[in-house]
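Engineer: Sharing a structure here in structure tokens format.
The values are calculated or read from the model by the stated rules, or taken from the named source; none is laboratory data. Remember, it's a predicted structure, so these values are computed and weren't measured experimentally. Here the Cβ is made from the backbone with ideal geometry for all residues, glycine too, and neighbour counts use every protein chain on show.
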Amino acid sequence: MKHIPLALYVHIPWCERKCPYCDFNSHENFDPALEKPYVDALLNDLDQQLSWAGDRELVSIFFGGGTPSLFSGEAIQQILDGINQRLALAENCEITLESNPGSAETMKYHAYRHAGINRLSIGVQSFQERHLSRLGRIHSGDEAIKAIELARSAGFDRLNIDLMYGLPDQTIEDGLDDLVTGITLGIDHFSWYQLTIERNTAFWSAPPLLPTDDLIEPMQHKAEALLNGSGITQYEVSAWSASGQRSIHNLNYWQFGDYLAIGAGAHGKTTDHNGIYRFQRTRHPKHYLEQFEAPVTTPFSMQLRTIEPSDLPAEFMMNALRLKEGVDSTLFEKRTAVALEVVGPQLEEQRRRGLMEQDSTKLAASSKGYQYLDTVIEAFV
């Protein structure tokens, strides 16, 4: 267990308005009076998970949502202070907070930086008004630009912005213009992902007309050339960064590391000498607050779901093959305690078909295989 990196995910489940494409665990109508009890609940929740940390340091902390920037700088400070009192942080621990570009939130950026947040992830989605309106976003393109500028002035050297493509009525030029705006603003990490229609969303009930592959594929090719020409390269399915700016937290997910998880609906993964486990907290904030409003004595192990050894190869590959460069082949056994020979026949077949790299020291999709990644992953299921 000691050699497996450990991260921490913190879920803040409220947002100002639920976006029609969003299937994350998020809830409208945040009451600021819940901020203090939720902070207490988060730390009570963390106390239940400390035994899984052992003597490992946290390599990263990620505040996701919902909209974590609805919380005050003081609340974020209290959470981080509580974490520091319970766990050791690596010297260069990456601490990210997701934010939306609304003006009320950007005023908090200085407070977040002072609290110890060293990386912001701003949910821009588009800089263009008609696309923002269609996506149900409550900020404008100008507010998005202002948020990025304010983040820089608050001392944030590391910024990610989320941008979506494949939007209703979006042209290739629209998609590229969003990227150009981000590049011009000095963004060195993009989460650039295609709009998909998910269950339990407003778009699922009333789906918009989306662009066809005839438009999506040339947009992807032109975007790749644009980003590469600006020194920003793809390292994961939807992640692009300049040199040295890759997300430590997300890399830990994709390399099958461990992560504690606190907050309503949070998912975690942990490893001990007996196996690898996943867990999930109750989704509704009301129930979560009831469960963790006071220190809990219920054994945490009762809430774990064991990942069966037969499922581990698929779980590992499902994550690792998302990385453009793949992973060192020795990582498979280090993270799963399963011998690589178990998937030998599948590896041989995928390499024979030209879908995985021939280099036996790596587990990586080939250029061709990366275009058909779902097919490659299915071979290990």
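Engineer: Filter segment 16-55 for residues that are within 19 Å of His267 (Cβ to Cβ), outside any helix (DSSP H, G or I), touching a Leu at 6+ places or on another chain (Cβ under 7 Å) and hydrophobic (A, V, I, L, M, F, W, C) and give the result.
Structural biologist: Ala53
Engineer: Any residue in segment 131-141 that is outside any strand (DSSP E or B) and polar (S, T, N, Q)?
Structural biologist: Restricting attention to segment 131-141, the residues satisfying the condition of being outside any strand (DSSP E or B) are 131-141.
If we keep only those that are polar (S, T, N, Q) too, we end up with 133, 140.
Among the residues of segment 131-141, at least one is outside any strand (DSSP E or B) and polar (S, T, N, Q), which makes the answer yes.
Engineer: Name the residues in segment 68-116 that are assigned to a loop (DSSP other than H, G, I, E, B), among the polar types (S, T, N, Q) and out of contact with any Gly (no Cβ under 8 Å at 6 or more places or on another chain), would you? Walk me through it before giving the result.
Structural biologist: Taking segment 68-116 first, the residues assigned to a loop (DSSP other than H, G, I, E, B) are 71-72, 87-88, 100-102, 107-108, 116.
If we keep only those that are among the polar types (S, T, N, Q) too, we end up with 72, 100.
Passing the criteria: only Ser72.
Every residue, every condition in (1) under 18 Å from Glu290 (Cα atoms); (2) at pLDDT 95 or above; (3) polar (S, T, N, Q); (4) not assigned by TED's automatic domain parsing to the domain that holds Ser133, yes or no:
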{"residue": "Val10", "(1), (2), (3), (4)": "yes, yes, no, no"}
{"residue": "Tyr21", "(1), (2), (3), (4)": "no, no, no, no"}
{"residue": "Ser26", "(1), (2), (3), (4)": "yes, no, yes, no"}
{"residue": "Phe30", "(1), (2), (3), (4)": "yes, no, no, no"}
{"residue": "Ala41", "(1), (2), (3), (4)": "yes, yes, no, no"}
{"residue": "Gly54", "(1), (2), (3), (4)": "no, no, no, no"}
{"residue": "Leu58", "(1), (2), (3), (4)": "no, yes, no, no"}
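Engineer: Quickly run through segment 151-188 and pick out the residues that are assigned to a helix (DSSP H, G or I) and either crowded, with 20+ Cβ neighbours inside 10 Å or acidic (Asp, Glu) (or both). Break it down into steps so the answer makes sense when it comes.
Structural biologist: Taking segment 151-188 and keeping what is assigned to a helix (DSSP H, G or I), we get 151-153, 172-184.
Within segment 151-188, Ala151, Glu173, Asp174, Gly175, Asp177, Asp178, Leu179, Thr181, Gly182 qualify.
Engineer: A follow-up question, please. State which residue is surrounded by the most Cβ atoms within 10 Å (Cβ to Cβ) when the search covers only segment 334-357 and only residues that are among the charged types (D, E, K, R) and either over 30 Å from the mean Cα position of the chain (by Cα) or under 10 Å from Phe380 (Cα atoms) (or both).
Structural biologist: Taking segment 334-357 as the starting set, the residues that turn out to be among the charged types (D, E, K, R) are 334-335, 341, 348-349, 351-353, 357.
When the remaining residues are screened for being either over 30 Å from the mean Cα position of the chain (by Cα) or under 10 Å from Phe380 (Cα atoms) (or both), the result is 341, 348-349, 352-353.
On the way: Glu341: 9, Glu348: 11, Glu349: 12, Arg352: 10, Arg353: 15.
Step by step, filter segment 334-357, then rank; the result is Arg353.
Engineer: Give me a count of the residues in segment 73-92 that are in contact (Cβ under 8 Å) with a residue 40 or more places away in the chain, buried (at least 19 other Cβ atoms within 10 Å of the Cβ) and closer than 19 Å to Ser121 by Cα.
Structural biologist: 3
Engineer: Restricting attention to segment 61-119, and to residues there that are hydrophobic (A, V, I, L, M, F, W, C) and more than 23 Å from Asn252 (Cβ to Cβ), which single residue is modelled with the lowest pLDDT?
Structural biologist: Keep residues of segment 61-119 that are hydrophobic (A, V, I, L, M, F, W, C), which gives 61-63, 70-71, 75-76, 79-80, 83, 87-90, 93, 95, 97, 104, 107, 111, 115, 117.
Within this subset, residues satisfying the condition of being more than 23 Å from Asn252 (Cβ to Cβ) are 70-71, 75, 104, 107, 111.
Details: Leu70: 94, Phe71: 96, Ala75: 98, Ala104: 64, Met107: 81, Ala111: 96.
The selected residue is Ala104.
Engineer: Checking Glu315 against (1) closer than 30 Å to Ala33 by Cα; (2) in contact (Cβ under 8 Å) with a residue 40 or more places away in the chain; (3) among the charged types (D, E, K, R): exactly one of these is not met. Which one?
Structural biologist: (1) is the only condition that Glu315 fails.
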